[in-house]
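Each reported figure results from applying straightforward, stated rules to the coordinates on display, with no laboratory input. All values derive from a computational prediction rather than experimental measurement. Neighbour counts run over all protein chains shown; Cβ positions are idealised from the backbone, glycine included.
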Amino acid sequence: MSAWSSNAKFVSGELEIASCAVSALAKEFGTPLFVVDEADFYARAKAWQSALSNGFGENAGNVYYAAKAFISVEIAKWVNEVGIGLDVCTGGELEVALAAGFPTSKIELHGNNKSEAEIAKAIEVGVATIVVDSLQELARVSKLAKASNKVQAILLRLTPGVEAHTHESISTAHEDVKFGFSIASGAAWNAVVAARSGANLKLNGFHCHIGSQIFKSEGFELAADRLISLLAKYRDEFNEELPELDLGGGYGIAYLENEVTLNPNETMMLLANVVTNSCVANKLRVPRISIEPGRAIVGPTTATIYEVGTTKEVRLENGEVRWYVSVDGGMSDNIRPALYGAEYSVALANRNSTASLRNSRVVGKHCETGDILIREVKLASDIEPGDLLAIPATGAYGRSMASNYNHMVRPAVISVINGTARTILRRETAVDLLALDIEESARTMPGATKDERRDK
Ligand code: LLP
């Protein structure tokens with residue numbers, strides 16, 4: 001059960017999560033349904049926090065949960081209860097944090113194109129750190145901090161030129177990317193100089209994030225090493241040491257049965273070794289080390305429950321038969337297979353089946369051939385409309401990347417713990433879908449009444 005949350009188990013063929021049977025959940029809350037194993041979320045968040053402390057001791061900085069993986073007001077409250085920080089990358093994510101009463105002194109603001117409004121709000125509410133991504137942004141943060149008479153702590157996002165071995169669009173720190181200042185080209189050093197001379201800025205150190213769903217530690221190690229070399233250059237040049245390094249997130253999780261989720265303690269021990277060795281080699285004090293796991297905290301905590309609507313036999317060119325099993329969600333609640341070719345596992349969740357297995361494909365209900373959740377899987381041949389399928393490890397980048405494509409409502413997210421269930425993000429309704437449509441409104445450009453435009 002490696003891809004499932006800690007409190008998920010099959011009892012007489014039925015999936016139970018935190019002692020809640022999924023058929024009862026489906027009946028009460030409808031499908032598709034994101035089911036979050038609440039205790040598992042706490043456990044994973046705590047595990048990363050204690051792993052950081054175990055690895056780095058007094059030099060452990062903050063674990064900032066990466067809100068982009070999945071955030072809601074309730075989740076932000078959980079994160080706060082655990083006592084870790086929050087990484088937000090837009091004003092919208094910041095709003096959720098504020099709505100949850102999240103302490104702003106534990107919030108980091110990210111993003112490669114933050115608007116003045118976003119920066120101003122972040123400074124106004126007193127976020128701990130703004131991770132600066134460009135020279136224009138450096139100037140904006142400086143200007144806005146000055147205007148509000150504050151000194152804003154910043155980190156510079158650096159591009160260490162590391163190819164993390166993962167899907168290209170989720171690998172972010174090799175050179176040809178939109179994020180950060182390249183170390184190799186000298187852009188990073190120019191940013192350091194600019195940050196030092198910018199008014200109302202306090203440069204605390206450097207940040208990098210090399211990609212996501214990474215298992216090999218070499219990428220993290222190389223990146224840390226390159227950032228530390230730049231810390232040494234800083235010390236040589238300015239005769240003082242920067243106190244902080246934030247090494248981002250990206251820790252991989254299991255999606256399939258034979259995969260593993262990175263062990264927080266082992267991962268942090270490895271990283272601590274590299275950081276310590278590199279600091280010793282550069283004769284530097286070990287800076288405060290922060291990390292930003294998103295997927296590794298929330299990903300494994302959640303499963304999506306779908307109801308089967310139709311099944312269909314399709315004869316392939318090679319004479320084989322494929323069963324198409326259509327469920328009541330699809331690419332609107334999980335875009336990852338279509339976008340990244342991401343692979344998931346699936347299980348019949350409401351009953352046992354001893355029927356023979358057949359070559360199947362699990363697809364959604366969108367008007368698009370590529371609306372495939374699981375490309376190839378063997379499923380019981382007696383699966384029929386009304387059965388429930390569960391896909392584990394959908395907690396990260398599932399609901400958070402969900403869309404209303406084909407005017408589908410986005411599913412509810414419920415949390416389960418000790419046999420109880422409650423909604424933390426409600427299912428959208430047709431009213432939500434229509435809420436933005438404006439039937440009649442005044443035009444604002446001169447001479448642009450409806451009739452005049454139509455007469456042209
Ligand atoms: N910190 C920064 C600056 C990031 O850009 C990200 C993710 C994280 C932390 C958290 O990374 P994690 O620990 O969750 O891997 N939508 C893609 C993943 C995009 C990741 C973007 N940045 C996916 O579904 O795989």
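With 0.36 nm allotted per residue and the present C-alpha distance subtracted, the ASN239-GLU58 stretch has 62.8 nm of extension available. Straight-line reach from LYS121: which aspartates and glutamates fall under 20 Å, measuring Cα to Cα and dropping same-chain residues less than 8 apart? Hits, sequence-local ones excluded: ASP87, GLU93, GLU95, GLU108, ASP133, GLU137.
Distances between placed amide hydrogens fall under 5 Å for LEU425 paired with VAL413, all partners being 5 or more residues away or on another chain. Quickly work out the ASN406-to-GLU259 label distance, labels modelled 7 Å from Cα along the C-beta direction, and quote it in nm with one decimal. Placing both labels 7 Å beyond Cα along the Cβ direction yields 2.5 nm.
Looking at the chain alone, DSSP beta bridges between its own residues are antiparallel in about 50 percent of cases. Taken about its Cα centre, the stretch 156-257 carries a charge dipole of about 360 debye when Lys and Arg each add +1 at the Cβ and Asp and Glu each add -1 at the Cβ. For a paramagnetic label modelled on THR420 (point 7 Å from Cα along Cα→Cβ), amide N atoms under 15 Å away belong, within the stretch 1-27, to 18-20. Each Lys and Arg adds +1 at its Cβ and each Asp and Glu adds -1 at its Cβ; summed about the Cα centre, the stretch 37-299 shows a dipole of about 920 debye.
Which one of GLY55, LEU98, ALA342 is farthest out on the positive end of the charge dipole of the chain, using unit charges on Cβ (Lys, Arg +1; Asp, Glu -1) and the Cα centre as origin? The one lying farthest along the dipole's positive direction is LEU98. Cross-link reach is defined here as a Cα-Cα straight distance under 25 Å, omitting same-chain residues fewer than 8 places apart; for LYS114 the lysines meeting it are LYS68, LYS77, LYS106, LYS143, LYS146, LYS150, LYS178, LYS202.
With coordinates expressed along the principal axes, the C-alpha atoms belonging to the stretch 107-200 extend over 43, 25, 18 Å, beginning with the largest.
Between the amide H of HIS167 and any residue lying 5 or more places away or on another chain, no distance stays under 5 Å, with hydrogens modeled in the peptide plane. Over the chain, Cα pairs under 8 Å with separation of 6+ residues give a relative contact order of 20 percent.
Treating only the Cβ atoms of Lys and Arg (+1) and Asp and Glu (-1) as charged, compute the dipole magnitude of the chain about its Cα centre; round to the nearest 20 debye.
740 debye
The Cα center of the stretch 240-274 and the Cα center of the stretch 82-131 differ in position by 23 Å.
Given a Förster radius of 45 Å and the C-beta distance between GLU163 and GLU384 as r, what FRET efficiency does 1/(1 + (r/R0)^6) yield to the nearest 0.05?
Efficiency, from the Cβ-Cβ distance: 0.45.
Computed per residue of the chain from DSSP H runs no shorter than four, each worth -39500 (n - 2.57), the mean residue ellipticity at 222 nm is -9000 deg cm²/dmol. Here the chain is treated as a Stokes sphere of Kirkwood radius computed over C-alpha pairs; at 37 °C and 0.692 mPa s its diffusion coefficient rounds to 138 µm²/s.
Computed FRET efficiency, Cβ-Cβ of SER6 and ALA442, R0 45 Å: what is it to the nearest 0.05?
0.20
Given the stretch 328-456 reduced to its alpha-carbon atoms as identical point scatterers, what log10 I(q)/I(0) does the Debye formula return at q = 0.12, 0.13, 0.21, 0.22 Å⁻¹? Per q value, in the given order, log10 I(q)/I(0) is -0.63, -0.70, -1.31, -1.36. Sorted from longest to shortest, the spans of the Cα atoms of the stretch 37-299 along the three principal axes equal 51, 44, 35 Å.
Derived scalar couplings between HN and Hα for the stretch 324-329 equal 8, 10, 9, 10, 8, x Hz in order, rounded to whole Hz, by the Karplus curve 6.51 cos²θ - 1.76 cosθ + 1.60 (θ = phi - 60°), x for Gly and Pro.
Here the stretch 45-132 yields Rg over Rh of 0.98, to two decimals, using C-alpha coordinates and the Kirkwood radius. Partners of LYS283 within straight-line reach, counting lysines whose Cα lies under 19 Å from its Cα and excluding those fewer than 8 residues away in the same chain: LYS233. Debye sum, Cα scatterers, the stretch 342-390, no solvent: what log₁₀ I/I(0) at q = 0.22, 0.23, 0.31, 0.32 1/Å? Here log10 of I(q) over I(0) equals -0.84, -0.91, -1.32, -1.35.
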